[in-house]
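Colleague: Here it is, the structure in full.
The values are calculated or read from the model by the stated rules, or taken from the named source; none is laboratory data. Worth saying up front: this structure is predicted, and the values here are computed from it rather than measured. Methodologically, a virtual Cβ is constructed for each residue, glycine included, from the backbone with ideal geometry; neighbour enumeration extends over all protein chains shown. Each accessible area value is taken on the protein alone, full model and side chains, heavy atoms only, with ligands, DNA and RNA left out. Shrake-Rupley method; radii C 1.70, N 1.55, O 1.52, S 1.80 Å.
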Amino acid sequence: MAPAPYLVFDGVAKYFGDLEVVAPFFNLTIKRNEFVVFLGPSGSGKTTLMRMVGGLETPSVGEIRLDGLPIGAPDRERGMVFQSYSSFPWLTVSENVAYGMKYRHDMTPERKKKRLDHYLELVGLTDFADFYPNKVSGGMRQRIAIARTLAAGSEVLLMDEPFGALDAQRREGLQLELRRIHRQDAKTIIFVTHDVDEAVFLADRIVVFSKRPARMLEDVDISAELGPDRTIALRDSEQFFKLRTRILRMVRAATGEEEKV
Amino acid sequence: MPGGTLHGAPPPGAINSQQSRLRDHRVTIIKATVSAAPHAPAANAASTPRPLRRNPPRNQFFAFRGTLSKRAQILTAIGSTLFVLAVWELSTRLGLINATFLPPPSVTLETLWNMILHKNLLMHAGISTLRIWVAFALAVIMAVPIGIAMSSFRGVGAALEPIVDFIRYLPVPALVPLSIIWFGVGETTKIFLLWLGTFFQLVLLVADDMRRVPQEYVEISYTVGARPRQMLTDVAFRAMLPSLFDNLRITLGWCWTYLIIAEIVAADTGLGFVIWAARRYMNTSEVMAGVVAIGLIGLVTDQILRLVHKRLFRYL
């Protein structure tokens, strides 16, 4: 039996005034614990689609359902990780992670403490717990954000180019870590990026978008080809390279670069 | 040659010439494609005896955003202050300026000291400071919530912005007659005028501080389950605190500039009164002493507030 649909985009479209951001009608079904990457040119409206899942925007047309229920105002079920301003500068690393649980009254302080320690450990920030974010690297700041959303108990992680501002080495390290966290602490992840390499490495599934207004061009099952385990070695494999080239062609077609080359 | 310099350790001191040779090598490649190869050795030979340093280091004193040690900065500050005082002192001593109109710093300081001893200057300064702080506190207590509400809720912003913007441009002195009619000549008028000068400016500054809180912070807060009120107090207000503090520090300074206006309205106390009374007798050294007293209070307050800012916002 096929797994039940978890996150469903049902005939969605989005306009900002006269500007068409998401073309009618966008349909997509995401399974529980799936790692889906939204790939497409910058400013294509893929971020807007993701923000609608977060409840930070509402669809102009159609509906988004999570576990059968329409999405309303933002809450901790769906956590966000942004590219910048992803942690609060006035809180220490551990206070930032703990902020994820600040409004949870269903947990005792002891349980919160345990979870805090657990997630600091999971993202490798235990040694930096008492540092302020301005004293740690950009990569660590993104890990703070990931740990915060996990600690909050978010079932869906919405990541908006979270590694966009990092250098190549840190990026690779965090990608590996994110895959590991995803396997260890099963969550549904929507990850927005315009980096093909990152998309192929991270995704179970890649949705390729057109230029604005966003339209789904391709829906590629990456796990079917690369499997669930992602290692650095995989990155250098021919299989990875071929898949990456294939996706890159799709993206070029989406932006109209193909004709120019 | 180029292959040889790339492999193995270069001799000490050779790095610079090696770099230039590498660069020249690139040049020769470009040249080689244009003309024949034999030009290459000539180009290399010409570039070997380059000076070790291409440009002399910039003068940090006048370099844009240059680095200057704390010590040098303090010495410069003291130096420039002493220079101004010296020019001032000399120009009256040499008779370039009539001391009746501009008493030299030595006389001003002496007068200041005498006024402290015999004319209750400290009491006047204390009263002025008290008035400033009462008016300023009133302005802050009212401006902070109103400013926050203006930028947080579009309705409040739309309703208040035209009024605030209008009053903000009214010159405080123009409202002196009205405030006397409304409040008489007592303390209320003085506090009102000082409040008037700061409140409307502050409202807009506070609104701006709130507007500059990154949207990401707000959204993070909502997506971990904060209610709007919790988001406002736990995140948005907290995020704007450093810039709010800075703006309070600056507007407190503005408050002092309205002091004279407030205290010439039938006052018999305060630094403004002292200055205004001395003016009536052409006692310029007392006028200067009063002005200097205000300047000193301002300088000290500002430095204290800067220090507090540093302490409070260590994470910046």
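Colleague: What distance in nm lies between label points placed 7 Å from Cα along the C-beta direction at B:Phe166 and A:Phe241?
Modeller: My value for the distance between the label points is 7.3 nm.
Colleague: Further, regarding this structure: Could you bin all the Cα-Cα distances of the range A:117-261 into 5 Å bins starting at 0 and give me the percent of pairs in each, rounded to whole numbers?
Modeller: Pairs per bin, as whole percents: 2, 8, 18, 20, 19, 15, 9, 5, 3, 1, 0.
Colleague: Another question, if that's okay. When the helix-only estimate is applied to chain A (DSSP H runs of n ≥ 4, each -39,500 (n - 2.57), divided by the residue count), what is the mean residue ellipticity at 222 nm, nearest 500 deg cm²/dmol? Working shown, then result.
Modeller: Values: 10 runs with 99 residues, N = 261.
Mean residue ellipticity at 222 nm (helix-derived): -11000 deg cm²/dmol.
Colleague: How much of B:Lys119 can a 1.4 Å solvent probe reach, expressed as accessible area in Å² and rounded to 10?
Modeller: Surface accessible to solvent at B:Lys119 totals approximately 110 Å².
Colleague: Please work out the average accessible area per residue across chain A, using the 1.4 Å probe convention, and give it in Å². Kindly include the intermediate steps, with their values, before the conclusion.
Modeller: Working: 11610 Å² over 261 residues.
Ligands and nucleic acids excluded, the result is 44 Å² per residue.
Colleague: Accessible area of B:His309, 1.4 Å probe, to the nearest 10 Å²?
Modeller: 30
Colleague: Under a plain spin-label model, where a point goes 7 Å from the Cα along Cα-to-Cβ, how far apart in nm are A:Asp106 and B:Asn98?
Modeller: 8.5
Colleague: Obtain the radius of gyration and the Kirkwood radius of the range B:107-312 from its C-alpha atoms and give Rg over Rh.
Modeller: On the way: Rg = 20.2 Å, Rh = 18.8 Å.
With Rg and the Kirkwood Rh in hand, the quotient comes to 1.07.
Colleague: Please figure out what share of the DSSP beta bridges in the protein assembly as shown is antiparallel and state it in percent, rounded to the nearest 5. Can you show the working numbers first?
Modeller: Numbers: 19 of 38 bridges.
Bridges in the protein assembly as shown that DSSP calls antiparallel: roughly 50 percent.
Colleague: Ignoring ligands, DNA and RNA, please state the percent of accessible area on chain A from carbon and sulfur, probe 1.4 Å.
Modeller: Values: 5840 of 11610 Å².
Roughly 50 percent, rounded to a whole number.
Colleague: Okay, moving on. Could you state how much accessible area is buried at the A-B interface, both sides summed, with a 1.4 Å probe, in Å² to the nearest 100?
Modeller: 2000
Colleague: Hey, another quick one. Among A:Ser60, A:Ser237, A:Ser42, which one shows the highest mean-square fluctuation when chain A is modelled as a Gaussian network with alpha-carbon springs under 10 Å?
Modeller: Looking only at A:Ser60, A:Ser237, A:Ser42, the largest GNM fluctuation is found for A:Ser237.
Colleague: Quick one: Debye curve from the C-alpha atoms of the protein assembly as shown, no solvent, what's log10 I(q)/I(0) at q = 0.10 Å⁻¹?
Modeller: Here the Debye-derived log intensity ratios amount to -1.02.
Colleague: If you don't mind, another one. Across all directions of projection, what mean area in square nanometres is found for the Cα convex hull of the range A:115-187? Could you put the intermediate results ahead of the total?
Modeller: On the way: hull surface 19.0 nm².
Reported value for the Cα convex hull: 4.7 nm².
Colleague: What are the ³J(HN,Hα) values, in whole Hz, obtained from phi via the Karplus relation 6.51 cos²θ - 1.76 cosθ + 1.60 with θ = phi - 60°, for each residue of the range A:165-180 in sequence order, with x given for Gly and Pro?
Modeller: Values, residue by residue: 9, 9, 6, 4, 5, 4, 4, 4, x, 5, 5, 4, 5, 5, 4, 4 Hz.
Colleague: Additional query: Which residue fluctuates the most in chain A, going by a Gaussian network model with Cα springs under 10 Å, if the choices are A:Leu158, A:Leu91, A:Leu174?
Modeller: A:Leu91
Colleague: Compute the distance in nm between two label points, each set 7 Å from the Cα along the Cα-to-Cβ direction, one at B:Leu75 and one at B:Arg54.
Modeller: In this crude spin-label approximation the distance works out to 3.2 nm.
Colleague: Charges on Cβ only, +1 for Lys and Arg, -1 for Asp and Glu, centred on the Cα centroid of the range A:60-212; of A:Gly124, A:Gly68, A:Leu174, which one is farthest towards the dipole's positive end?
Modeller: Among A:Gly124, A:Gly68, A:Leu174, the one farthest towards the positive end of the dipole of the range A:60-212 is A:Gly68.
Colleague: Taking every pair of alpha-carbon atoms in chain A, give the share separated by more than 28 Å as a whole percent. The partial results should precede the final answer.
Modeller: Details: 11770 of 33930 pairs.
So the portion of pairs separated by more than 28 Å is 35 percent.
Colleague: What is the set of long-range amide H partners of A:Phe209 at a cut-off below 5 Å, with H atoms built 1.01 Å from backbone N?
Modeller: For A:Phe209, the qualifying residues are A:Leu39, A:Gly40, A:Leu217.
Colleague: Shifting gears a bit: What pairs in B:Lys70/B:Lys310; A:Lys114/A:Lys187; A:Lys211/A:Lys242; A:Lys102/A:Lys187; A:Lys112/A:Lys135; A:Lys187/A:Lys242 have C-alpha atoms more than 18 Å from each other? Mind showing how you got there, number by number?
Modeller: Numbers: B:Lys70/B:Lys310 16 Å; A:Lys114/A:Lys187 20 Å; A:Lys211/A:Lys242 24 Å; A:Lys102/A:Lys187 21 Å; A:Lys112/A:Lys135 25 Å; A:Lys187/A:Lys242 28 Å.
Violating the 18 Å Cα-Cα cut-off are A:Lys114/A:Lys187; A:Lys211/A:Lys242; A:Lys102/A:Lys187; A:Lys112/A:Lys135; A:Lys187/A:Lys242.
Colleague: Using 1/(1 + (r/R0)^6) with R0 = 45 angstrom and r between the beta carbons of A:Lys114 and A:Ala168, what's the FRET efficiency to the nearest 0.05?
Modeller: Values: r = 36 Å, r/R0 = 0.79.
E between A:Lys114 and A:Ala168, to the nearest 0.05, is 0.80.
Colleague: On to the next question. Rounded to the nearest 10 Å², what accessible area does B:Leu121 show when all protein chains are kept and the probe is 1.4 Å?
Modeller: Per-residue accessible area (B:Leu121): approximately 10 Å².
Colleague: Looking only at A:Gln239, A:Gln175, A:Gln83, which one moves most when chain A is put into a Gaussian network model with springs between Cα atoms under 10 Å?
Modeller: A:Gln239
Colleague: Within the range B:175-256, list the chymotrypsin sites (Phe, Trp or Tyr not before Pro) lying in a DSSP loop whose Cβ has at most 16 other Cβ atoms in a 10 Å radius.
Modeller: Working: sites: B:Trp182, B:Phe183, B:Phe192, B:Trp195, B:Phe199, B:Phe200, B:Tyr217, B:Tyr222, B:Phe237, B:Phe245, B:Trp254, B:Trp256; in loops: none.
The qualifying sites: there are none.
Colleague: What is the local net charge at B:Val107, summed over the other residues whose Cβ is closer than 12 Å to its Cβ (Lys, Arg +1; Asp, Glu -1)? Let's see the in-between values first.
Modeller: On the way: positive: B:Arg93; negative: B:Glu89, B:Glu110, B:Glu286.
The answer is -2.
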